[in-house]
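Comments concern the structure below.
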Amino acid sequence: MASTHLLRFRSFSRSARHLLLLSTVRSLPPPPAPPIPTVHSILPTKPSPFNPFIDHFSSSPPPPDFTSRSPSDLYNDLRSLSNPPSKRSPDDYESLLDVLRAFSKSAWAADQSLAVYIPASFFPTAAHRFRNFLISRSDDMLDRHLLSLGPSDQAVRFLFPLFVEFCLDHFPDEIAKFKLHVKSADLTRPHTWFPFARAMRRRIVYHCGPTNSGKTFNALQRFMKAGKGVYCSPLRLLAMEVFDRVNSHGVYCSLHTGQEKKDVPFANHVACTVEMVSTDVMYDVAVIDEIQMMVDPARGHAWTRALLGLKADEIHLCGDPSVLGAVRRICRETGDELVETHYERFKPLVVEAKTLMGDLRNVRSGDCVVAFSRREIFEVKLAIERFTGHRCCVIYGALPPETRRQQATLFNEPNNEYDVLVASDAVGMGLNLNIRRIVFYSLSKYNGDRVVPVDPSQVKQIAGRAGRRGSRYPDGLTTTFEANDLQYLISCLQEPFDEVKQVGLFPFFEHIELFAGQYPNSTFVGLLDKFRENCKLDGSYFLCQHDHVRKVARMLEKVQGLSLQDRFNFCFAPVNIRDPKSMSHLLRFASRYSEDLPVNVSVGVPRRSARNDTELLELETRHQVLSVYMWLSHHFNEEIFPHKQQATEMAANIAGLLGESLKSVKWKPMSRVQKAKNDEEEENGTMERRRPAPVALEGYERASSRLTNKTGYTRTRSLIMAFRKIKNEQSTQKDAPVAV
Ligand SMILES: Nc1ncnc2c1ncn2[C@@H]1O[C@H](COP(=O)(O)OP(=O)(O)OP(=O)(O)O)[C@@H](O)[C@H]1O
Ligand SMILES: [Mg+2]
C-alpha cells in the first residue's frame, strides 16, 4: 500500500506488535533518521567542548548499552520500580526535562503514534503523562543514557517504543475508541466496496487521446449496438445531447439526471449524469465519458465510483492520457481486463500567432471568445455587438442547460446573424459546436480564493472545441486576445499531459453512519470534520473537497428533525452556495420536509424577459431554485415534493425567458454579490430608486476604464482597449501559425 509506513517493531511487546502489524498510517512522512543507533555509535570518542551532555559524562563511567533490552522489559522494570529512582541533581533534572520535552514536541513521534491508535489530538496529553512517569521512575542508568543522547532525534527514537508500552498500559480505552473511529473511517481498498462488480471480470476499454479525436464517437457506436447500455456524462447538457443523438439513430434511450427522468418506453439504454448512474443495474456496455475528471477536486469521486462499481461486461472510458496510469492500477486491483486504444486529433490545432492584439474588432465569424467570469462575458458581448457587425450567443455555468443548448443551436445554425460565441469554461467539455477559432480573452481566473493561471489541461480542453470534425470549420484555430498571453497558450498546448497519482474518493452514507456511532452527540458538520481528520486512505486516492456539503450542512443545523441520512442527502442538492436566495429556499424546503409537510415551489415565473442585469440574475436564481426542487423531488419522497411537474414546466419557461433576455442584453453586468447587497438594501428600504436603465455606452466606457471585480483583482483591460489603435504592436508580431 503506497504512502504508508510501518514502524520498526522488532522489540515491542506482543500487544504493541500486533497493533502495529494491523495498522497503517495515513500519509506519514518517512522517518527522518536511520535506525535506532546504539549509544556507542552516538558518543564521540573524545568529549566535545560544545556538548554539555557529553561533558557531563566525560568523567563518569561509560553510559549503559540499552540496545540489547526489549522496550517491554525496560518498561516493566520502570513500572515495577525494579531499581530505585535516580536521585539527580537540579541540572540533570533540567537536562532530562529538555530531552522529554523534545519528545513531546516531536512531530515524528506524534505521527507514528497514529499507528498505535493514539490520535494527534491526544498525543500531547499522553506525552505529558509519559514524561511524569519517566521522571518519577527512571533509574541512574536510564538517566545517564537519556542525558547522553540529549534532546535529539536519537532520544526520540529511543523513547518511542517505551512510550508505546506506556500508552498501551495506561490508555487502553482511548486506544480502543480511536481504533474504532479509524476503522469506521477506513476508506482504503475502495474496490472492495462493490462485491458484485468484483465477482465479474469486466472488460475495460480506454479510449485515450486528445480532444476532437473521436473517443466519444467510437464509444457511443459500441453503446448503441449493445443490448443494454448506459452512458455517463460529466454534464446534464451532454447527457441530453447523447439522449437526442441515440434516439435519432433509432435506439430507444432514456435520460436520467439529478433533475429529470425521461423514461422512453421500451428503452434498454440510458444517458445519465455520472453522479446518477446505478451500480445495481446490470449492463452489457457502459460508457464513462471524460474519465480524467476522476481527479476533479470536488466531483472526482463520482467517476471513481462509476469505474469501480458499474456492473457491466464492457466499460468504455473516454479521456485524455492523464489518468491512464491510475486506471491501469485500478484494473490490477479489481482484476478487470484493460484494453487501451490510442487516438490522435483528426486535424492538428493551429495557434494563430497573430492575436487579437487587445482589439475586439478583430473578432471574426465563427470565433468563440472565452472569458472566465460572467461579468467579462457580458462586457465582451456588449463590446463586440456595439462596435462590430457581429451578434453574440453566450454560454456560462449559471445558465440552465436548456438555455445553453438554445444558445449553442443559435450559434451553430448558419442562417442567422449570431456568428460569434462568448463563453466561459462551461463550453470546454465534450460539446460539438461550429467553432472556427477559440480566442482566450484571458488565461487567468479566480479560483474562489485568488486569481490563478488557468490549468494547462483546461486550456487544452477548451481550445479543443475549435475545428470539430463534421462541423462547418474542420480546421481548428486558437489564439489570445492579448499578445502577452500567447506564449502561455502555446506552452499549455505543447505541455504533455501530467500523469496523476491520486483520484478522488468520498465516503458513502454508510461510512458516515458507521462513523456517527462513535460520536452520538456531534452535529453533522462536526461529524464530517472528524471524518476528514480521522479517515484513512491509501496513497492512490484523495478525499474530495466537501466545502459545498459543509456549507449546506451548517445552514441546515438549525433544522430539527432531519435524520442523518436526510442531512446527508440534502447536502448534495445542486444549490448555488454563493447565492443567498437559493440557499434560503433550500432551508425552507428542508424545514418543511422535516415537518413532514408538502413543500411548495414558491417561485413565480416573470411575464417577460429580463430588461436589466438584476432581472437576468433573478431569472438565473429562480431557475436554480426550481432545479433544486426538481432534484429533491427525485431524491426524496415525491409526496413531500409533489410539484415536480409544475417545477419542470416553470423551469422550461424560465430557460426560455433567459434565452430571450440574452438576445437583447444591452446593460452593464452586475455581480451576484452586488445584487445580493442591492436586494438587502431594497428589503430594508435603504436603496434609492435605482432601476438600472440600459447603460449608454459612452458612460459604460468611462465606468469600465478600470475594472475591479469582487476579488479585488484589478484589470486595466477595458472596452476602451477595443478601440485602441495599436498598429505598432501589430506590426511587430509574427503572423506565422504554430501547429500544436
Ligand atoms: N468515425 C467518425 N465518423 C464521423 N464523424 C466522426 C467520427 N468520429 C468522430 N466524429 C465526429 O467528430 C467530432 C469529434 O468526435 P468526438 O466527440 O468523439 O471527439 P472526442 O475525442 O470525444 O472529443 P472531446 O475530447 O472533445 O470530447 C464529433 O462531432 C463526432 O461526431
Ligand atoms: Mg468526447
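Of note:
- Residue in segment 531-553 that is more than 19 Å from the chain's Cα centre (by Cα), crowded, with 18+ Cβ neighbours inside 10 Å, modelled with pLDDT of 90 or more and assigned to a helix (DSSP H, G or I) present: no
- Residue within segment 152-161 that is farther than 19 Å from residue 66 by Cα and assigned to a loop (DSSP other than H, G, I, E, B) present: no
- Number of residues in segment 452-471 that are more than 16 Å from ligand 2 (Cβ to nearest atom) and in contact with a helix residue (DSSP H, G or I) (Cβ under 8 Å, 6 or more places away or on another chain): the value is 4.
- Residues in segment 100-143 that are outside any loop (DSSP other than H, G, I, E, B), in contact (Cβ under 8 Å) with a residue 60 or more places away in the chain and closer than 18 Å to residue 71 by Cβ: 103, 108, 112, 115, 116, 141, 142.
- Of all the listed residues (186, 244), the sole one being under 30 Å from residue 123 (Cβ atoms), out of contact with any Phe, Trp or Tyr (no Cβ under 6 Å at 6 or more places or on another chain) and not hydrophobic (A, V, I, L, M, F, W, C) is 186.
- Flag for residue 449 being assigned by TED's automatic domain parsing to the domain that holds residue 367 and either within 16 Å of ligand 2 (Cβ to nearest atom) or without any contact (Cβ under 8 Å) to a residue 24 or more places away in the chain (or both): yes
- Of note, residue 616 does not satisfy the criterion of being modelled with pLDDT of 95 or more and either out of contact with any Pro (no Cβ under 6 Å at 6 or more places or on another chain) or at negative phi (or both).
- Across segment 395-415, not a single residue is classified as hydroxyl-bearing (Ser, Thr, Tyr), more than 26 Å from residue 469 (Cβ to Cβ) and either modelled with pLDDT under 90 or assigned by TED's automatic domain parsing to the domain that holds residue 273 (or both).
- Residue match in segment 439-450 (condition: outside any loop (DSSP other than H, G, I, E, B), of a type in the set (Lys, Arg) and within 16 Å of ligand 1 (Cβ to nearest atom)): no
- Number of residues in segment 198-210 that are closer than 20 Å to residue 433 by Cα and either small (Gly, Ala, Ser) or surrounded by 23 or more Cβ atoms within 10 Å (Cβ to Cβ) (or both): the value is 1.
- Scanning segment 595-653 for residues that are among the hydroxyl-bearing types (Ser, Thr, Tyr), touching an Asp or Glu at 6+ places or on another chain (Cβ under 9 Å) and not in a loop (DSSP other than H, G, I, E, B) yields 614, 621, 648.
- Selection status of residue 520, away from ligand 1 (no atom under 16 Å from the Cβ) and at pLDDT below 95: yes
- Pairs where the first residue, in segment 204-219, is part of a loop (DSSP other than H, G, I, E, B) and the second is among the polar types (S, T, N, Q), C-beta under 8 Å, 6+ apart: 211/461
- Selection of first residues in segment 296-311 that are closer than 16 Å to residue 457 by Cβ and of second residues that are polar (S, T, N, Q), restricted to Cβ pairs under 6 Å at least 6 apart or on distinct chains, gives the following pairs, ordered by first then second residue: 297/545; 298/545.
- Residue in segment 226-234 that is aliphatic (A, V, I, L, M), within 16 Å of ligand 2 (Cβ to nearest atom) and in a loop (DSSP other than H, G, I, E, B) present: no
- Residue under evaluation residue 233, criteria (1) surrounded by 18 or more Cβ atoms within 10 Å (Cβ to Cβ); (2) in the same structural domain as residue 81 (by TED's automatic domain parsing), criterion not met: (2)
- Those residues of segment 286-319 which are within 16 Å of ligand 2 (Cβ to nearest atom) and farther than 26 Å from residue 546 by Cβ, in sequence order: 286, 287, 315, 316, 318
- In segment 248-353, counting only strands (runs of 3 or more DSSP E) that sit wholly within it, the ones holding 1 or more residues that are under 30 Å from residue 485 (Cα atoms), within 16 Å of ligand 1 (Cβ to nearest atom) and at pLDDT 95 or above span 311-319.
- Selection over segment 491-512 of residues that are hydrophobic (A, V, I, L, M, F, W, C) and over 30 Å from residue 480 (Cβ atoms) gives a count of 6.
- A single entry from 374, 386 fulfils the requirement of being on the phi < 0 side of the Ramachandran plot, more than 29 Å from the chain's Cα centre (by Cα) and either more than 16 Å from ligand 1 (Cβ to nearest atom) or not assigned by TED's automatic domain parsing to the domain that holds residue 353 (or both): 386.
- Taking segment 196-224 as the range and being among the small types (Gly, Ala, Ser) and either within 16 Å of ligand 2 (Cβ to nearest atom) or more than 17 Å from residue 330 (Cβ to Cβ) (or both) as the test, the residues that pass are 209, 213, 214, 219.
- Those residues of segment 594-637 which are hydrophobic (A, V, I, L, M, F, W, C) and under 25 Å from the mean Cα position of the chain (by Cα), in sequence order: 625, 628, 630, 631, 632
- If you go through segment 510-530 and keep only what is under 17 Å from residue 559 (Cα atoms) and assigned to a helix (DSSP H, G or I), you end up with 524, 525, 526, 527.
The values are calculated or read from the model by the stated rules, or taken from the named source; none is laboratory data. Fair warning: this is a prediction, and the values are worked out from it, not measured in the lab. For neighbour counting, all protein chains shown are included, and Cβ atoms are generated from backbone atoms with ideal geometry for every residue, glycine included.
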